[in-house]
Each structure stands twice: as C-alpha cells, then as structure tokens.
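One structure below.
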C-alpha cells in the first residue's frame, strides 16, 4: 500500500498514542497535524479504505492495523 507523506505522518501520531497505551480522537489528531478536524477525518477515511486503520465511530477513536504498520515501515525504508 502506498501512503502519502501526510498519511505517514498521521499514522506516526496514532502510533505515538498507542505507545502510551492511548487511542487518539479525531480532535487530538487534528491538533497534532495542524489541520481541521474534518480534514483529518477525511484522511482517516482514506487510511481506513486502504486497510491501514480501524475507525471506531462510537468514541471516534482510531487504531493502526498490522497492514498500516507494515506500510509505514516500508515508507520509512524508502
């Protein structure tokens, strides 16, 4: 799976929360990305369609999948 620079950055932020045992909300991610919450939501939807993240609509959380982690690692090597 090919990731854009912004998608890689967003996945990195999500993994940063995971390292702390937390799941970020869209609002927290928008703050870190310097983007609006709707813009981050669109980015997350694109990542979801690629299979890189799982979105939980009940609490607006997001979790990186194994496939997303592999894509991020591949981007880092490139």
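Taking each residue as 0.36 nm, the span from residue 19 to residue 5 lengthens on full extension beyond its C-alpha to C-alpha distance by 2.9 nm.
Rounded to the nearest 10 degrees, the angle from helix 66-77 to the longest Cα principal axis of the chain is 60 degrees.
What is the gain in length, in nm to one decimal, between residue 27 and residue 57 on full extension, counting 0.36 nm per residue of separation less the C-alpha to C-alpha distance?
Result: 9.5 nm gained on full extension.
Helical runs (DSSP H, four residues minimum) scored at -39500 (n - 2.57) apiece and divided by the length of the chain put the mean residue ellipticity at 222 nm at -19500 deg cm²/dmol. Tell me which label goes with the value of log10 I(q)/I(0) by the Debye sum over Cα atoms at q = 0.11, 0.21 Å⁻¹ computed from the coordinates here: (1) -0.23, -0.88; (2) -0.47, -1.03; (3) -0.26, -0.93. Derived directly from the coordinates: (1).
Packing-based ranking of 51-57, 9-15 yields 9-15, 51-57, ordered from highest to lowest mean Cβ neighbour count within 10 Å. Shape of the stretch 10-54 from the C-alpha gyration tensor: oblate (a/c of 1.5 or more and a/b not above b/c, with a ≥ b ≥ c the square roots of its eigenvalues).
Only the coordinates and a few stated rules stand behind these numbers; no lab work does. As the structure is a prediction and not an experimental result, all values here were calculated from the model. So basically every Cβ, Gly included, is an ideal-geometry build from the backbone, and we count neighbours across all protein chains shown.
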